[in-house]
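Participant: Okay, here's the structure, questions in a sec.
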Amino acid sequence: MKENIEALTKRYYPSAFKIALVIASVFFVWLNERSLKTGLFDLDKVALPFFYLTLPNILLVKQLGWSTLMLLSRQFTTIGIVVSVLNLVSLLGNMSDPSEVQSALKFTYAPLAFGILLSYITLIYSPSSIKNLKLTPRLALFLISASVVSLFASWQSIDGATIGYILDFPALQITILVLANAYFYSGYSDLTLTERVNRGSIFVCIVAAVLGIAYYTFLISAGEPRAIGPIVAFILLAILYGSMSCFISTTLGGKSNVSIKEAAYMDWHLIESYVFLTLIMFPPLSLLSLF
């Protein structure tokens, strides 16, 4: 009897402790959110878009089982960037009221912070690897379509405007060109098409951020403020397309064969590209300005 109790304790105690720790962590963040009102759990701007963009991955639960948690942990940071960019695009389209600009700027980083938080929580409690996905052409097409629909649903939740606001041909062009160049990179010769797209999407975000800073500083120095808006929108949408390429290719198995360290390294590149760009174009007030 005593041996049975000890066996049950060893089996179920770690799981119960993990669940309690997750609840305590989320409660702590929620408690701070209530007092600071950072927008971390905003329903329309953060929570619903995250829910919509998570759905394509949840559809794979039947095939992946508990490995779905590992897939989600490798998606949440990317989802955070997608939702942050959508909020910035919405902000650009509604800048006629200056009083609302500062309050809306909190969504520049709140979705990204939420995504990073979810990424680390799911990583701790997920299996160490992702089960190989049996990907048929029909399933691949379905997942791509579901991802695009989830993007449009997220946009409707955030802004409600037509999808034309998040469609930009030049941004799509630069995305395709960078992905094509990455495809022929010799270092990716042993990778599948999905894996090449996944890694190439990171280069899309890096190139977009560097070009964005270059164009932005040039227009500022040239005294062309009217041209800044379209350039900022173009660069943000290029990062959006790069992030969505990363999101879709990860769903299709683009990160299934990378280690936890490599996946974190890839996420870090996405984060630094986005943060580098936004800190230049949408800088918060410094302490010297406040005081």
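Each reported figure results from applying straightforward, stated rules to the coordinates on display, with no laboratory input. Note that the structure is a prediction, hence the values are computed from the model and not measured. Note: ideal-geometry Cβ built from the backbone for every residue, glycine included; neighbour counts use all protein chains shown.
Participant: With a cap of 14 neighbouring Cβ atoms within 10 Å, and only residues DSSP puts in a loop, list the chymotrypsin sites (Phe, Trp or Tyr not before Pro) found in segment 39-145.
Facilitator: Numbers: sites: 41, 50, 51, 52, 66, 76, 107, 109, 114, 120, 125, 142; in loops: 41, 66, 109.
The qualifying sites are 66.
Participant: Counting only pairs 8 or more residues apart or on different chains, how many lysine pairs in segment 37-290 have their Cα atoms under 28 Å apart?
Facilitator: Within segment 37-290, the lysine pair count is 12.
Participant: With a 10 Å radius around each residue's Cβ, average the other Cβ atoms per peptide and rank 77-84, 281-288, highest first.
Facilitator: Details: 77-84: 28.6, 281-288: 10.9.
Per-residue Cβ counts within 10 Å, averaged per peptide and sorted highest first, yield 77-84, 281-288.
Participant: While we're looking at this one, here's another question. Is any helix in the chain, taking whole DSSP H runs, at least 20 angstrom long along its axis by alpha carbon and on average at least 0.0 on the Kyte-Doolittle scale, and which ones?
Facilitator: Values: long enough: 2-36 (49 Å, 0.30); 76-93 (26 Å, 2.03); 110-125 (23 Å, 1.81); 137-158 (32 Å, 1.32); 169-183 (21 Å, 1.48); 193-222 (42 Å, 1.30); 228-251 (34 Å, 1.84); 260-281 (32 Å, 0.76).
TM-like helix candidates: 2-36, 76-93, 110-125, 137-158, 169-183, 193-222, 228-251, 260-281.
Participant: How would 131, 45 line up from fewest to most surrounding beta-carbon atoms within 10 angstrom?
Facilitator: On the way: 131 16, 45 23.
Sorted ascending by nearby Cβ count, the order is 131, 45.
Participant: Hey, another quick one. Fully extended, how many nm does the chain gain between residue 276 and residue 218 (0.36 nm per residue separation, minus their Cα-Cα distance)? Let's see the in-between values first.
Facilitator: Values: separation 58, 0.36 × 58 = 20.88 nm, distance 1.68 nm.
Length gained, residue 276 through residue 218: 19.2 nm.
Participant: I'd like the distance separating the alpha-carbon centroids of segment 112-126 and segment 143-201, in whole Å.
Facilitator: If we compute the Cα centre of each part, the gap is 23 Å.
Participant: Another question, then. Could you give the length gained on full extension between residue 44 and residue 92, defined as 0.36 nm per residue of separation minus the Cα-Cα distance, in nm? Could the numbers behind the result be given before it?
Facilitator: Values: separation 48, 0.36 × 48 = 17.28 nm, distance 1.74 nm.
Working it through step by step, the gained length comes to 15.5 nm.
Participant: Given an 8 Å cut-off on Cα distances and at least 6 residues of separation, report the relative contact order of segment 37-290 as a percent.
Facilitator: Numbers: 327 pairs, mean separation 68.5, N = 254.
That works out to 27 percent.
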